1. Once you sort the root eigenvalues of the Cα gyration tensor of segment 54-174 as a ≥ b ≥ c, which label holds: rounded (a/c under 1.5), prolate (a/b larger than b/c) or oblate (the other case)?
2. Which translational diffusion coefficient, to the nearest whole µm²/s, is obtained for segment 169-230 from the Stokes-Einstein equation, given a Kirkwood hydrodynamic radius over C-alpha pairs, 25 °C and 0.890 mPa s?
3. So, in nm, how far is label residue 34 from label residue 226 when the simple model puts each one 7 Å beyond its Cα toward the Cβ?
4. At 222 nm, what value in deg cm²/dmol follows for the chain if DSSP H runs of at least 4 each add -39500 (n - 2.57) and the sum is divided by all its residues, to the nearest 500?
5. Modelled label-to-label distance, residue 116 and residue 91, 7 Å Cα→beta-carbon offset: nm?
6. Going by how many other Cβ atoms sit within 10 Å of their own, how do 221, 267 line up, fewest first?
7. Cα gyration tensor of segment 179-280, axes a ≥ b ≥ c as square roots of the eigenvalues: rounded (a/c below 1.5), prolate (a/b > b/c) or oblate?
8. With no solvent and one point on each alpha carbon, what is the Debye value of log10 I(q)/I(0) for segment 109-213 at q = 0.10 Å⁻¹?
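None of the figures in this text is laboratory data; all of them are computed from the coordinates on show. Since we're looking at a predicted model, the values are computed, not measured. With ideal geometry, Cβ positions are generated from the backbone for all residues, glycine too; neighbour counts draw on all protein chains shown.
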């Protein structure tokens, strides 16, 4: 018997579900994901092969599985720059890879190693469809066809290029309109820049206000849902639709998971877009 407990708007916790249950009826769980946006399978205890088989069975199979994700790169960044350790969050609020032409539609995480307390290393979510519906009508119309500027991604040393993505688009999981941006305020290295020439009736000052509003929306606690991890949990969420963040409270090797990212059937979308167009 599958027992479920709703955690809040846009997220549901499923207890007592086995890997065999999902394999037996993948379309049911896929529909649950589309309805609830974040599915947390408490202590499901999947093996790596079961995890991969489940995602394939649900049709989320265009990218290779990432093994033993432990955010080692982030720990290296913090070691080199002590100011990063003063930030409120281990990973700040962001939308997944906003520089890609084909973004992550679904992300699944199989937390096979978790050696910290439940109130540590939590993952937070904010529904960016809610951000879009809260937008003033002037901004909805002004950004209807707006795109980011195609340029080098500022926060990466490697020569990655920011594809000129649309900022308002249909979520690949539900078809609903979302705001595919995370916003920013005063910073010398913005995660993207909006091409004002693609905006209708908006000025550069309007874009400053829009980015500040978006960041404030994501940071508002009333718009956030949080998953408190236990070892053996598996979480699936709308990767394109849900902005997300991670709290502090763990060391390298204490919070390790396998991950699958689905990009809507685009087999090369998991690769990073490089400055050389022939490598895209």
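1. Working: a/c = 1.58, a/b = 1.32, b/c = 1.20.
Prolate, since a/c reaches 1.5 and a/b exceeds b/c.
2. Numbers: Rh = 13.8 Å.
Rounded to a whole number, D works out at 178 µm²/s.
3. Taking the two extended label points, one gets 3.2 nm.
4. Values: 7 runs with 65 residues, N = 280.
Computed mean residue ellipticity for the chain: -6500 deg cm²/dmol.
5. So the label points at residue 116 and residue 91 sit 1.2 nm apart.
6. Details: 221 7, 267 11.
Neighbour counts put them in this order, fewest first: 221, 267.
7. It is oblate, given that a/c is not under 1.5 and a/b is not larger than b/c.
8. -0.37
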